[in-house]
Amino acid sequence: MEKPLTVVVQGDEIRFVHDDATAAAFDGVGVFDVRRASTVEPTTRRGRLLWVANLGPVRGPLCAFYGRQEALAWEREQLEEMNVPKPDGVPPCGRG
């Protein structure tokens, strides 16, 4: 079962936690300014591939996983717990 998607619309701004399927729904709508709330990037440690989820841009934690899907799932869970995308009060990506 898929989780519901939170989309925040404020003036001319639309915020949501990115995934390829959701982003495809907005194809052709206009020009986007994508701001990252987090990253999931590969790295190696002691010869092993790890995926590091970094929520630093929204003042969140960093955690490493052996699988990319595990890192992406953790990233989404953490963003949801942190109420990202935030509708008010916090600039995108913790800027400000």
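Structure above, values below:
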| item | result |
| --- | --- |
| ALA71, sole failed condition from (1) out of contact with any strand residue (DSSP E or B) (no Cβ under 8 Å at 6 or more places or on another chain); (2) at pLDDT 80 or above | (1) |
| Where a residue in the stretch 56-70 is of a type outside the set (D, E, K, R) and surrounded by fewer than 12 Cβ atoms within 10 Å (Cβ to Cβ) and its partner, wherever it lies, is part of a helix (DSSP H, G or I) and at pLDDT below 95, with Cβ under 7 Å and at least six apart | LEU62/GLY56 |
| Identity of the residue in the stretch 38-55, without any contact (Cβ under 8 Å) to a residue 40 or more places away in the chain and small (Gly, Ala, Ser), that ends up surrounded by the most Cβ atoms within 10 Å (Cβ to Cβ) | ALA53 |
| Residues of the stretch 17-64 classified as closer than 19 Å to LEU79 by Cα and in contact with a Phe, Trp or Tyr (Cβ under 9 Å, 6 or more places away or on another chain), total | 9 |
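The values are calculated or read from the model by the stated rules, or taken from the named source; none is laboratory data. Since this is a predicted model, take the numbers as computed values, not measurements. Glycine also receives a Cβ, built like all others from the backbone with ideal geometry; neighbour counts cover every protein chain displayed.
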